[in-house]
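Engineer: Got a structure for you, written out below as structure tokens; questions coming shortly.
The values are calculated or read from the model by the stated rules, or taken from the named source; none is laboratory data. Note that the structure is a prediction, hence the values are computed from the model and not measured. Methodologically, a virtual Cβ is constructed for each residue, glycine included, from the backbone with ideal geometry; neighbour enumeration extends over all protein chains shown. Each accessible area value is taken on the protein alone, full model and side chains, heavy atoms only, with ligands, DNA and RNA left out. Shrake-Rupley method; radii C 1.70, N 1.55, O 1.52, S 1.80 Å.
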Amino acid sequence: ANDGNRRGGNWGAGGSWNDATSGSWPDWLQADFGASRSVAEIDVFTVQDAYTNPLEPTQAMTFSQYGITDFEVQYWTGSIWQTVPGGSVTGNNKVWRSFTFPPVTTSRVRVLVVNAMGGYSRITELEAYSTADQGTPAPAPRRRPSLPAMWFCTPAPPAT
């Protein structure tokens, strides 16, 4: 989930992430930057219905079969996980969700999934930026994440 592939084109072959505990939540995907960084935008991409032949996602693209529906986008304060402003989502049906907020200094971010369709939490890409995008996002990737990161998934590696 950190290879720049927002489509999740290699689903089932290491191109994306899902948890290994069907029907059991919470699950999370966490990114550790290795140092404190300023973060002002986090983008979350979940799996498309047509995962075997995915399109480049847009913010208008929806899913109805496999995406994450209820989740929180969080950052580490140094002692607790804090949800970013506007980062608590219920009833999601969007493949791409973008969260912009006043910059926070953190060494880690995560997506805490509390419900998803199809029994598993599935994320195709997680991106963090030091500045929020000021324009309308384009359907093609507008930039690569500007923060160096080591990405971790928890619980166990994906079972597909």
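Engineer: Of all the residues that make up the stretch 7-32, how many are in contact with a helix residue (DSSP H, G or I) (Cβ under 6 Å, 6 or more places away or on another chain) and open to solvent by 70 Å² or more (accessible area, probe 1.4 Å)? Let's see the steps before the verdict.
Structural biologist: Taking the stretch 7-32 and keeping what is in contact with a helix residue (DSSP H, G or I) (Cβ under 6 Å, 6 or more places away or on another chain), we get 22-23.
Applying the additional criterion that residues be open to solvent by 70 Å² or more (accessible area, probe 1.4 Å) yields 22.
Of the residues in that region, 1 qualify.
Engineer: Going by what's in this entry, would SER107 be described as without any contact (Cβ under 8 Å) to a residue 12 or more places away in the chain, out of contact with any Pro (no Cβ under 7 Å at 6 or more places or on another chain) and either open to solvent by 60 Å² or more (accessible area, probe 1.4 Å) or small (Gly, Ala, Ser) (or both)? Don't jump to the end; show me each part of the working.
Structural biologist: Details: without any contact (Cβ under 8 Å) to a residue 12 or more places away in the chain: no; out of contact with any Pro (no Cβ under 7 Å at 6 or more places or on another chain): yes; either open to solvent by 60 Å² or more (accessible area, probe 1.4 Å) or small (Gly, Ala, Ser) (or both): yes.
Against the criterion (without any contact (Cβ under 8 Å) to a residue 12 or more places away in the chain, out of contact with any Pro (no Cβ under 7 Å at 6 or more places or on another chain) and either open to solvent by 60 Å² or more (accessible area, probe 1.4 Å) or small (Gly, Ala, Ser) (or both)), SER107 does not qualify.
Engineer: Still on this structure, I have one more. Hey, GLU56 hits all of (1) under 16 Å from TRP96 (Cα atoms); (2) under 15 Å from the mean Cα position of the chain (by Cα); (3) among the acidic types (Asp, Glu) but one; which does it fall short on?
Structural biologist: (2)
Engineer: Filter the stretch 5-37 down to the residues that are modelled with pLDDT under 90 and of a type in the set (Gly, Ala, Ser) and list them by number.
Structural biologist: GLY8, GLY9, GLY12, ALA13, GLY14, GLY15, SER16
Engineer: Tell me, which strands (runs of 3 or more DSSP E) wholly within the stretch 1-110 include 3 or more residues that are of a type in the set (Gly, Ala, Ser)?
Structural biologist: Working: elements: 27-46, 68-76, 81-89.
Correct list: 27-46, 81-89.
Engineer: Also, I was wondering about something else. Identify, please: which residue in the stretch 33-46 is of a type outside the set (Gly, Ala, Ser) and over 17 Å from GLU72 (Cα atoms) and is, among those, surrounded by the fewest Cβ atoms within 10 Å (Cβ to Cβ)?
Structural biologist: Step one: of the stretch 33-46, the residues of a type outside the set (Gly, Ala, Ser) are 33, 37, 39, 41-46.
The next check asks that each one be over 17 Å from GLU72 (Cα atoms); those that pass are 33, 37.
Working: PHE33: 18, ARG37: 21.
Result: PHE33.
Matching residues to (1) more than 21 Å from SER130 (Cβ to Cβ); (2) over 16 Å from the mean Cα position of the chain (by Cα):
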site: ARG6; (1), (2): no, no
site: GLY34; (1), (2): no, yes
site: GLN65; (1), (2): yes, yes
site: ASP70; (1), (2): yes, no
site: VAL95; (1), (2): yes, no
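Engineer: Quick one: LYS94 ticks every box in (1) open to solvent by less than 70 Å² (accessible area, probe 1.4 Å); (2) modelled with pLDDT under 95 bar one, so which box is it?
Structural biologist: Of everything listed in (1) open to solvent by less than 70 Å² (accessible area, probe 1.4 Å); (2) modelled with pLDDT under 95, LYS94 misses just condition (2).
Engineer: Among THR52, THR46, THR58, THR77, which is modelled with pLDDT under 95 and among the β-branched types (Val, Ile, Thr)?
Structural biologist: On the way: THR46 fails: modelled with pLDDT under 95; THR58 fails: modelled with pLDDT under 95; THR77 fails: modelled with pLDDT under 95.
None of the other options fit; the residue is THR52.
Engineer: Then there's this: GLY87: open to solvent by less than 40 Å² (accessible area, probe 1.4 Å) and without any contact (Cβ under 8 Å) to a residue 60 or more places away in the chain, yes or no? Give the steps one after another, and end with the answer.
Structural biologist: Working: open to solvent by less than 40 Å² (accessible area, probe 1.4 Å): yes; without any contact (Cβ under 8 Å) to a residue 60 or more places away in the chain: yes.
In short, yes.
Engineer: For the stretch 113-132, which positions are farther than 12 Å from ILE42 by Cβ, in contact with an Asp or Glu (Cβ under 7 Å, 6 or more places away or on another chain) and part of a strand (DSSP E or B)?
Structural biologist: VAL113, VAL114, ASN115 - these are the residues of the stretch 113-132 that are farther than 12 Å from ILE42 by Cβ, in contact with an Asp or Glu (Cβ under 7 Å, 6 or more places away or on another chain) and part of a strand (DSSP E or B).
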